[in-house]
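Step one of this worksheet: look at the structure below.
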Amino acid sequence: MPVKIRLQRRGRTKRPFYHIVVADGRAPRDGRFIEKIGTYNPMTKPATIDLDRDRAFDWLMKGAQPSDTARAILRFKGVMYKKHLQRGVVKGALTQERADELYQKWIEAKEAKVEARRQETLEEIKQFHINVSGKAKPMARPATEVSESAPAPQETQSFADSVEQTTIESVSGAPAVEATPEPVAEAPAVEATPEPVAEAPAVEATPEPAAEAPAADDLKKVEGIGPKISDLLNVAGIHTYAQLGATSEDRLKEILTEAGGIYASKDCSTWAKQSEMAAAGEWDKLKAWQDELDGGKVVAPKTPEA
């Protein structure tokens, strides 16, 4: 059996969290593994994927075979594209410098798209709080400016951002205290600092995606969707019946086409309508309609022969 790149489930009930591991194909899913190369959290919006691209690429070039979901993650993170470019280098179609340049441009464009989605989510959370409270809090704006400025450094680093941000604030605050005379240091400048600090946790403590995450629906109840396709939809950010019902058929076909293999030929024409009925709680009506479907496809009624 070849070495496999696959997901290893962690987390708790209805709150899955996965490790991306390299393991022997004969080992159990949650058993022993050779190396851990990343993590995948489908409960955030967008899904959080932390992957060591270099190690994943190295294992691919050594012949490791990814599972269907792992292949979708590797394609999303650009590892499969890097392997494609490397094949061109081996065949002499392009130089190593050109391949590295194309790969870096692809990564920058992808990270920009992911950051745009993250900003959309933050804006949705902000609008949600405005809708719930009826109006925006007067002191919420400076706190949102802090929260909006924090993700900016995430384009280059993911975990050291908060440390760098606090370091910058402490360094910028140090000369302010030293430059001001003693009377000014005792002035309201000290009282002014707690206001944004007190407000900041209120905005940072808005991980509403975590509150919405437990409401993820079982997409496998839709006729034609199995466990593998459900995982592919989760990777694409679709976790509920409402989200699936609002997704166009073209987008669903695009997700299946990117997965390749047998998934590219799946018929998803009825998934959105089934999801709308499930989201509305029309289970009896949905069950009656699913009895008429064949693997999620609409079957034409047989006409009696004359």
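Does the range 40-48 contain any residue that is at negative phi, surrounded by fewer than 17 Cβ atoms within 10 Å (Cβ to Cβ) and touching a Leu at 6+ places or on another chain (Cβ under 8 Å)?
Scanning the range 40-48, I find no residue that is at negative phi, surrounded by fewer than 17 Cβ atoms within 10 Å (Cβ to Cβ) and touching a Leu at 6+ places or on another chain (Cβ under 8 Å), so the answer is no.
Among the listed residues 87, 75, 118, identify the single one that is part of a helix (DSSP H, G or I) and over 25 Å from residue 47 (Cα atoms).
Sole residue among the options that is part of a helix (DSSP H, G or I) and over 25 Å from residue 47 (Cα atoms): 87.
Filter the range 1-23 for residues that are of a type outside the set (Lys, Arg) and surrounded by 14 or more Cβ atoms within 10 Å (Cβ to Cβ) and give the result.
Passing the criteria: 3, 5, 7, 8, 16, 17, 18, 19, 20, 21, 22, 23.
Answer yes or no as to whether residue 69 is under 20 Å from residue 257 (Cα atoms), among the β-branched types (Val, Ile, Thr) and outside the structural domain of residue 263 (by TED's automatic domain parsing).
So residue 69 fits the description; yes.
As an exercise: evaluate residue 222 against (1) at pLDDT below 85; (2) in contact with a Phe, Trp or Tyr (Cβ under 8 Å, 6 or more places away or on another chain) and give the number of the one condition it does not meet.
Among (1) at pLDDT below 85; (2) in contact with a Phe, Trp or Tyr (Cβ under 8 Å, 6 or more places away or on another chain), the lone unmet condition for residue 222 is (1).
Is it the case that some residue within the range 260-276 is outside the structural domain of residue 19 (by TED's automatic domain parsing), modelled with pLDDT of 85 or more and within 17 Å of residue 42 (Cβ to Cβ)?
no
Scan the range 85-93 and tell me whether some residue there is surrounded by 15 or more Cβ atoms within 10 Å (Cβ to Cβ) and in contact with a strand residue (DSSP E or B) (Cβ under 8 Å, 6 or more places away or on another chain).
no
Please tell me if residue 229 is modelled with pLDDT of 85 or more, outside any helix (DSSP H, G or I) and not small (Gly, Ala, Ser).
No; evaluated as a whole, the condition is false for this residue.
Can you tell me how many residues within the range 12-27 are within 21 Å of residue 47 (Cβ to Cβ) and of a type in the set (D, E, K, R)?
Result for the range 12-27: 3.
For the range 94-113, give me each residue that is of a type in the set (A, V, I, L, M, F, W, C), at pLDDT 90 or above and surrounded by 12 or more Cβ atoms within 10 Å (Cβ to Cβ).
Of everything in the range 94-113, those that are of a type in the set (A, V, I, L, M, F, W, C), at pLDDT 90 or above and surrounded by 12 or more Cβ atoms within 10 Å (Cβ to Cβ) turn out to be 99, 102, 106, 107.
State whether the residues of the range 148-170 include one that is among the β-branched types (Val, Ile, Thr), under 24 Å from the mean Cα position of the chain (by Cα) and at pLDDT below 80.
Looking through the range 148-170, at least one residue is among the β-branched types (Val, Ile, Thr), under 24 Å from the mean Cα position of the chain (by Cα) and at pLDDT below 80.
Quick one: which residue in 301, 209 is under 25 Å from residue 43 (Cβ atoms) and either of a type in the set (Phe, Trp, Tyr) or modelled with pLDDT under 85 (or both)?
209
For the list (1) touching a residue at least 24 places away in the same chain (Cβ under 8 Å); (2) crowded, with 17+ Cβ neighbours inside 10 Å; (3) within 23 Å of the chain's Cα centre (by Cα); (4) farther than 17 Å from residue 231 by Cα, I need the number of the one condition that residue 65 fails.
(2)
The values are calculated or read from the model by the stated rules, or taken from the named source; none is laboratory data. Everything numeric in this text was worked out from a predicted model, so none of it was measured. We place every Cβ from the backbone using ideal geometry, glycine too, and count neighbours over all the protein chains shown.
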